[in-house]
Amino acid sequence: MMANLPSSGEDRVFAPPRRLFDPLAGQGPAIAAVSVGGVLGALARWAVGLTLPAAPGTFPLGTFGINVLGGFLIGALLVTLTELRTPHPLLRPFLATGILGGFTTFSTYSVDAQHLIAAGHVGTAFGYLAGTLAAAVAATWAGIGLARAIGRSR
């Protein structure tokens with residue numbers, strides 16, 4: 001027998017389920033820092049693209065340079081912010097995720113390669129894909145090494 005249960009759902013009061021973890025709670029300042037940094041980085045990337053445009057079927061030097069420089073800068077920056085200094089908590093989201101995340105570009109890198117392939121320059125496309133990856137990783141390691149060497153010398 002169900003004597004203790006209400007007769008209809010209208011008699012029940014339901015609370016919305018409580019979230020155990022809200023990843024955005026208290027993140028307003030970090031969201032603002034990443035957003036402002038992302039705008040600045042994307043504008044810088046756009047300016048480089050205007051300065052170094054790639055003609056159809058040619059090696060996209062601007063995007064290549066952006067990703068290599070960005071790799072170097074992020075390597076040096078993260079060592080500086082995590083090993084050598086105690087920065088303001090919003091500096092890393094602003095500089096690394098925001099500015100450098102907006103500056104470097106996997107999407108343009110991919111589209112550039114697709115355009116090269118579509119234009120029949122398959123060898124250039126695969127050279128660009130592999131070369132960018134290798135150069136950006138090497139530049140990141142170089143940035144890390146340089147920042148650590150400078151940090152040790154101080």
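Points worth noting:
- Sorting 133-140, 68-75, 35-42, 23-30 by average packing, meaning the other beta carbons within 10 Å per residue, from highest down gives 68-75, 35-42, 133-140, 23-30.
- Value of Rg to Rh for the chain, rounded to two decimals, is 1.28; Kirkwood radius and Rg both from alpha-carbon coordinates.
- Cα-based shape type of region 73-149, given that a ≥ b ≥ c are square roots of the gyration tensor eigenvalues and the cut on a/c is 1.5: oblate
No lab work stands behind these numbers, since they all come straight from the coordinates. Predicted, not measured: the structure shown is a model, and the values here were computed from it. Please note: Cβ atoms are built from the backbone with ideal geometry, for glycine as well, and neighbour counts cover all protein chains shown.
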